[in-house]
Structures are given as C-alpha cells and as structure tokens.
Amino acid sequence: MKIALLLPFILLPLAAERARFASGYMYSYYVPQSASTPWRPAWSPDGSEIAFGMSGSIWKIRPGETTAYELTANPGYDNSPAWSPDGRWIAYTTEDSTGVNLMLLNVATGESTPVTRGAGIRLDPVFSPDGKQLAYVSNEPRGAYHIYSMPFDNGRFGAPRQITMPNSFGRARLYFSAEDDHISPSFSPDGKEILLVSNRGIPLGSGAIWRAPLEPDAMRKAKLLLREETLYRTQPQWSHDGKRLLYSSHRGSQYNNLFVLPVEGGEPYQMTFGDWDHFDPRWSPDGEWIVYVSNQHGLSDLRLLRTYGGEERRIEIRRRAYRRPMGQLEVRIAGAARFYVTAADGKTYTPPTSYMRVAGRHSHREFFHAESRFVVDLPPGEATVEVARGIEYWPQTHKVKIEAQRTALLDVAPKRMTSMNAQGWWSGSDHVHMNYAGNLHNTPENLMMMARAEDLDHVGEKIANKDHRIFDHQHFTGGRPHPLSSPEHLLTFGEEYRPPFYGHVNFIHMTRHLISPFTTGYEGSAIESLYPSNTDMFRAARAQGALGGYVHPWSSDPPRAGYSVARGFPVDLALGSFDYLEVHTSANHFRFTAPVWHRALNCGFRVTASAGEDSILNLHATPILGSSRVYAYLGDKLDFPRWLEAIRKGRTFVTNGPLLRLEVDGRIPGDEIRLPEAGGAVEVAASAEAIVPLEKIEIFFNGKVIETIPVSGNKADFRKRIPISSSGWITLRASHSRPQHPIDDSYVVGETSPVFVYKGNQPIRSREDAEYFIRWIDDITRQAEAHPGWRSGKERAHVLGQFSQARQVFVQRAAESPAP
C-alpha cells in the first residue's frame, strides 16, 4: 500500500508548482487561493445556485443544501467564477506555473476552453448585465494592473480593449510602485459604467473606490466615491437597482466587515460585525441576500446575509460530489508535521480541515500542517506524501496507491536526527506574525500546533501595524509568556515597530504596554514626521525591560540601496540602543546582512545574532514557520528569563538548516577569552550537521575566513589550534550553495554568534569599518534633512543631534584602530 523513502529532492509536475509570483502582499490578498474551503462566490442568474472556488476547482451549491458539485477539474488551480446573465457560461481564473489565465466553462456540457494564454496575471472576470462584455483585470504589458473589456457572443470573445491607462504617481509608494493600479471592476445595471478600486493619486494602500464610464482612458471621467486606505479586499459591487454599492472594509478595525454606500458617494453604513473577516460580498439577483466569505471559525466558509432584518445563514458543505473518480487518503500522525501531498494528476491537495499555504521563500510549493490525523480526497493513481518536522527530524517521502471509492491508510512517524535540547540549545523564531489581514483567522492554539509541527521551541509572535491597523494587540501579555506555553513550547507576544525611514525593529519582553505609534514617516498621515527616532523608541521600550533589535535588514548591498530598509542601524549601534540583529531572515537577507554585522563586530560592538523568517501565518503565501531560526543556549530548561539572558549575552546561532557547535578554549558563543598582551593561541572545536547535504564549514576571525573545511554529506567536525595576534572574534558558518528541499530557501546557511578573544587590553577596532558607518550616517543625515514631514525645527534638531552623536562615536573608534 505504501513505500517510505528518504529522498534529497522531489521533482514535481508543473501543475503542482505555484506561479512564479507567489509571494508578497498582492499574491496573498488579491490573487484567489486554491483553498481547501470555499472562496470567491458568484450567484447564478436566477439566484438558485452559488458557484465558488474550492480545492483548485470550480464548484456550485444550492443555498439550503449541503452537497457541493464540482464543475471543473483542470491541470491548473481554478477560482473566481463569474456566471453569464443567461446562465450558460461561467468565466473563471486558472493558475499554473506560468501565470493566471481566464477560462470559459460551458455549463451544459461541462467543457472548459482557454480565454487567455501565457505569462502574466488575469483576475476579476465579470460579465456585463446584458452578457455582451466580459471585464477583467490584467497586469500586462508592464506589470501594473489595468481593467480590460472583451466583447462576448455565444461562447466567443472578441479582441480586448484597455479601459484604464498607465499613470504614474511620480515616485515609488510604500509597498506599492509608482505605477497606478486599477482592479475589481463591477458593472452598473445598464452596463455603461463600472466601479473599480484604484490608487491613482493616493500614497498609501491599494486604492479608493471610483465610478467610471466603460470606455478607454476611463479615469479621465472617473468620480471618486470613497477614499480610505484599502488592501485589495474592497471588491465593490453595484446593486441591481443601481442605487448603492456593497464592499468589504477594515474601516476602524483590524478585521474586514461589509459596508454599503450610495453610488453617488456619502457615508458608509456597516452591515456585519465581528472579530473576524468578511470577504468577497456579492448581491443576489433579487437584491434580498448577500453571499460572502467568512473566516469566523478559522478557515473560510460561505455565509448568506439578508439585506434587511439581520438574518445570517452558514452554507455548510457536508458532501462533495466530484465530476471525476476520487478516492481518499487517511494519514495518522505521531504528533504534528508539515505535509506536501501531490496526487497522480500532478496537483497538490489539502484536507478541508487544514489551511493550505504556499511556501513563499523559494519553492512556491503548497503545504499544510496537521496533527494526529487528516483525511484528504485524491484522484486515483500514485500519490506522493512528503513529511517534514523542522530541521532536527529526517524528512520522509511516501508513495501511496489511491483507488477510486476506497480509502488508503498511511501511518507517519518522523524520525529524529538529533536533539539540540539535550545539548542545552533551544530553537525559536523571533519574527512571527499570527494575523495580518490574511485569509485565515489565526489563533494562539493554531500557532502552537504549527510550532509542534515544525519542532520549534519558542514562537516570538510580533504584534504589528499594517498601515493604521494594529493586529493581535488583544493578545499582549505584558512580558509574560502566553498561557498556552508549556515546558516544551514557549509562546510570547512582542512588537514589531515599523517606520519605513529608519527600518523595522522588534521589541521583546515589554512589561507594561505596547510602544505607540507603531510607525513614523507615513506619507500623508498625522505621523509623517521622522520624530520620534528609532533611538527614542528603543529607549522607551528598554525603560520597561524590553530587548530590541533591527529585523529583516538588508537583502541587497546597503550603499547601493541608499541604506534603505534599516537606515538607522549605525546610529543605534553607536548609541547602544539595541541588543541584537536579525542576521537570518532568509538566506538572501543573510548574504547581505552578515557582512554588515561583521563590520559592527569589528568596531567593538557586541551584537547578538538572532533570526526569524518574518512569517505571516494567516497569509496564503508566506515563509514556513521556523524557516529562519535562532538557537539559544538555555541549559536543561526552556523558560523566558533564560531566553532573554541568552539573547543579552550572545549565546546563539542562526540557521535555516545547519546545526552548529562552536567552542573556543571550551567557551561557547557569547563568551570572551583574555590572552596575554603578547597574544597566544586558542583551541577551536567546531561541528555541523543537517538533514540535508552541506558543502563546507568555515571559521571566521574578524570577518575573514581563516579555515575552510569541505564537507561530503550532512555533517563535519573540525578541531585546530589557531594563533591570535590581535583582539577579535571567532564564528562558525556552515553552508550549501544551492537550495535543498525541504528547507525552503535559496541556499542553506547558518552561523554562530561570536566568541570574543582579547589580546591583553587591546580593544577590537577597524578603521575601515568605522569609516564605512561614518559614510552611512553622513548619507542618511542628508536624507533626513531633506525629508518633508518634520513638524518642527525642534524635532529635526533632536534627531539630527542623535545622528551627530553617533557619528562621533565612529570617529573615535576609527582613531582607536591599530595602524595598518
């Protein structure tokens, strides 16, 4: 029935791969997911049925019934149905490794034909009320989103015409490009106008709601109906009587609710209420009901809301009637794990009890987490089940024969490669977001299940803003671990403070309150000023016992990028404002962050290496939880005070796979060794192992590689006595230059925090590196001086004074450097 294999890499059919753009906010908030539960509903013209996307197919169900019927079964992942007014056709989207295209389903025959082909993204298909036009959104030819319309007649389409034209904001916007987007078309009852969402002339968010004629260059005559900061969720829908529009908004909340607005503009009225999200609303043809998607219970489901009276009904799907033969796979799990399930048709499948995700770091493969047991429907043939549990358990691959109308059984028990806990090292991710406006309504309970599935000892969740929303603030515990914490798994809630000019930072162990506002420098807002600085906020957090550090700092060379992303780093380094640096957010971040970290160490600053993948765990596409992790030496017990002490003292290593051990004269990272004034030698003992192959381990001294040991296989050891002629620091790095499944990253790498070695009283100094940071501060000083958001000269003088003070520290350190 099954064969269990250990394989280094699985090559998948193209259908199982996600589109190459499967990352970023746009993909998770806007591109419809191939969820295992319902998404993007659409009424039939007579109101008797609702079509929707689910499990990579288009389905339909009758309100009041519990059986859903599959309408499509294609090689790609289908979603976003739009029913033609005569009921004969359904236009929908299909996603594969190339892009997202439009398809047309003949409802009578069940056959689908392509409407568009090739690379790019086409979304939001919608028929005009007379059925003679299909409007949709495309990012061709230059990447910005525009609305197009195609003539339609009896299953045939004419040439598309572009309705919205390219327009530039004049400069790049925060999280959005300079080019305006135009999305989410909805026809007026007479078919002459459309509602749309566009960020034309708007610095923040995906755009406002506009009303425009259905003609080329429509925005010339467009009318702004409602300006608020949106994030792809708005989906305005023109009512059939033409008097009002229905849309989804997070107005005044961290959650999305449904609102109505007069089509001439006016004051919005809220239709739904709840501490969860309400997405994708659609009017019924008679205007009496609204169908929408709710994530009240975590995963999505379909709801009906009566437009008056407040009655709400849940559309329960208890049976799935497939248009093709199907079998079942039941998997029993010893504990929890991460799963990749690929069926014989080349597509990936997720059980209806799990949230399907796309690995957003590198592979773009679909996966899910499960605990104890799951059952998933699969087409007949040989299915591949891949199992992973963090980086201390061997990955497994199982081949299972699926037969129609039968249930195959698979027992899974991941095997441990090593136990770092037994050696006193405990793993964690210090950069995790539980909820962030995504499709899943995530909970601490689900977060802890994922931690068990990834063998992650400490989850450092970060409360954060997205623009003016603050997510998960209700879970703040005042510096104490969350009540769900156990001796095996620790859950803590800190804060990510996110100013775009200075760079994002994390605070952990705030004992009294969250730091507010959660950002500065937001264009067009009341917090556009660069005051307060990151220095001020680090000090405010430290005053209540918090540790802090810069996060996801650099994924490109800082000087070439205008020192963006973490501009304030050298200022706060010199002023001693923070404790750690997120050296490993991803392998690519590590590539550019580690050299800056080494420069900081070379100037004599003790900066602990920390890690966290910046996973956003209610998004469709996100880094896997724990895919960048920090190991901290705590000894025989996992608790938060020990964790904080390890971060303070630098007893850490960071990794996406290699498990490292470094001792210098018996001392571990974070320790220091004092040699005589004349110098001496130290005994370096190092080892590395991983669940995937490694190519080499390296020993660094003051940022230079002094030993390289080739590795054949997955482990290596090194021991050597090394002469020391100047004060400095030693780290161990292990790596493989290529990606290695199931580690979802561009390459495999880990490095320890340093062991410091002093020759007498000689400080660790580097003129070259001090002058590097002086140039950095000079550059950002010019940028800050020119910033238009200052509210007063006093604010400006305060911040620039901190810059000047920090610069002087580096001038002094350069002067203290030994002569070349």
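The values are calculated or read from the model by the stated rules, or taken from the named source; none is laboratory data. This is a predicted model, so every value here is computed, not measured. Here the Cβ is made from the backbone with ideal geometry for all residues, glycine too, and neighbour counts use every protein chain on show.
The figures follow:
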quantity	calculated
Among residues of the range 149-181, those that are aliphatic (A, V, I, L, M) and modelled with pLDDT of 95 or more, counted	4
Scope the range 174-202; condition over 18 Å from Gln235 (Cα atoms) and touching a Leu at 6+ places or on another chain (Cβ under 7 Å); matching residues	Leu174, Lys192
Residue in the range 390-404 that is polar (S, T, N, Q) and either touching a strand residue (DSSP E or B) at 6+ places or on another chain (Cβ under 7 Å) or surrounded by 22 or more Cβ atoms within 10 Å (Cβ to Cβ) (or both) present	yes
Any pair with Cβ under 7 angstrom, 6 or more apart, that starts in the range 86-99 at a residue that is of a type in the set (Lys, Arg) and ends at one that is part of a loop (DSSP other than H, G, I, E, B)	Arg88/Val107; Arg88/Ala108
Residues satisfying the stated conditions in the range 258-281, i.e. in contact with a strand residue (DSSP E or B) (Cβ under 6 Å, 6 or more places away or on another chain) and farther than 17 Å from Glu311 by Cβ	Phe259, Leu261, Pro262, Val263, Gly265, Pro268, Tyr269, Phe279, Asp280
Which numbered condition Glu698 fails, given (1) more than 30 Å from Phe367 (Cα to Cα); (2) assigned to a loop (DSSP other than H, G, I, E, B)	(2)
Matching residues in the range 786-796 - criterion: being surrounded by fewer than 13 Cβ atoms within 10 Å (Cβ to Cβ) and not in a loop (DSSP other than H, G, I, E, B)	Gly793, Lys794
Filtered residues of the range 236-249 (kept if buried (at least 22 other Cβ atoms within 10 Å of the Cβ) and assigned to a loop (DSSP other than H, G, I, E, B))	Pro236
The range 623-673: number of residues that are out of contact with any helix residue (DSSP H, G or I) (no Cβ under 7 Å at 6 or more places or on another chain) and part of a strand (DSSP E or B)	15
Candidate set: the range 664-701, residues that are among the acidic types (Asp, Glu) and within 30 Å of Tyr393 (Cα to Cα); chosen: the one farthest from the chain's Cα centre (by Cα)	Asp671
Glu267 vs. criteria farther than 18 Å from Gly47 by Cβ and surrounded by fewer than 14 Cβ atoms within 10 Å (Cβ to Cβ)	yes
Residue list for the range 574-586, filter: buried (at least 24 other Cβ atoms within 10 Å of the Cβ) and aliphatic (A, V, I, L, M)	Ala574, Leu581, Val583
Some residue of the range 606-613 being closer than 28 Å to Ala337 by Cα and either part of a helix (DSSP H, G or I) or among the charged types (D, E, K, R) (or both)	yes
Among residues of the range 163-203, those that are of a type in the set (A, V, I, L, M) and crowded, with 17+ Cβ neighbours inside 10 Å, counted	7
Residues of the range 173-212 satisfying the condition of being part of a strand (DSSP E or B) and at positive phi	Ser184
Residue check for Gly327: loosely packed, with under 15 Cβ neighbours inside 10 Å and out of contact with any helix residue (DSSP H, G or I) (no Cβ under 8 Å at 6 or more places or on another chain)	no
Hey, Ala404 closer than 24 Å to Gly346 by Cβ and modelled with pLDDT of 95 or more or not	yes
Of all residues making up the range 154-172, the number that are touching a residue at least 24 places away in the same chain (Cβ under 8 Å), among the hydrophobic types (A, V, I, L, M, F, W, C) and either closer than 30 Å to Glu523 by Cβ or part of a loop (DSSP other than H, G, I, E, B) (or both)	3
Of all residues making up the range 442-455, the number that are in a loop (DSSP other than H, G, I, E, B) and surrounded by 22 or more Cβ atoms within 10 Å (Cβ to Cβ)	3
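For (1) in contact (Cβ under 8 Å) with a residue 24 or more places away in the chain; (2) of a type outside the set (Ser, Thr, Tyr); (3) in contact with an Asp or Glu (Cβ under 7 Å, 6 or more places away or on another chain), each residue gets a yes or a no:
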{"position": "Phe538", "(1), (2), (3)": "yes, yes, yes"}
{"position": "Gly549", "(1), (2), (3)": "yes, yes, yes"}
{"position": "Arg560", "(1), (2), (3)": "no, yes, no"}
{"position": "Pro570", "(1), (2), (3)": "yes, yes, no"}
{"position": "Tyr580", "(1), (2), (3)": "yes, no, no"}
{"position": "Thr585", "(1), (2), (3)": "yes, no, yes"}
{"position": "Ala594", "(1), (2), (3)": "yes, yes, yes"}
{"position": "Thr608", "(1), (2), (3)": "yes, no, yes"}
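Residue-wise test of (1) of a type in the set (S, T, N, Q); (2) at pLDDT 95 or above; (3) farther than 30 Å from Ala814 by Cβ; (4) buried (at least 24 other Cβ atoms within 10 Å of the Cβ).
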{"residue": "Ala690", "(1), (2), (3), (4)": "no, yes, yes, yes"}
{"residue": "Val705", "(1), (2), (3), (4)": "no, yes, no, no"}
{"residue": "His736", "(1), (2), (3), (4)": "no, yes, yes, no"}
{"residue": "Asp745", "(1), (2), (3), (4)": "no, yes, yes, yes"}
{"residue": "Gly750", "(1), (2), (3), (4)": "no, yes, yes, yes"}
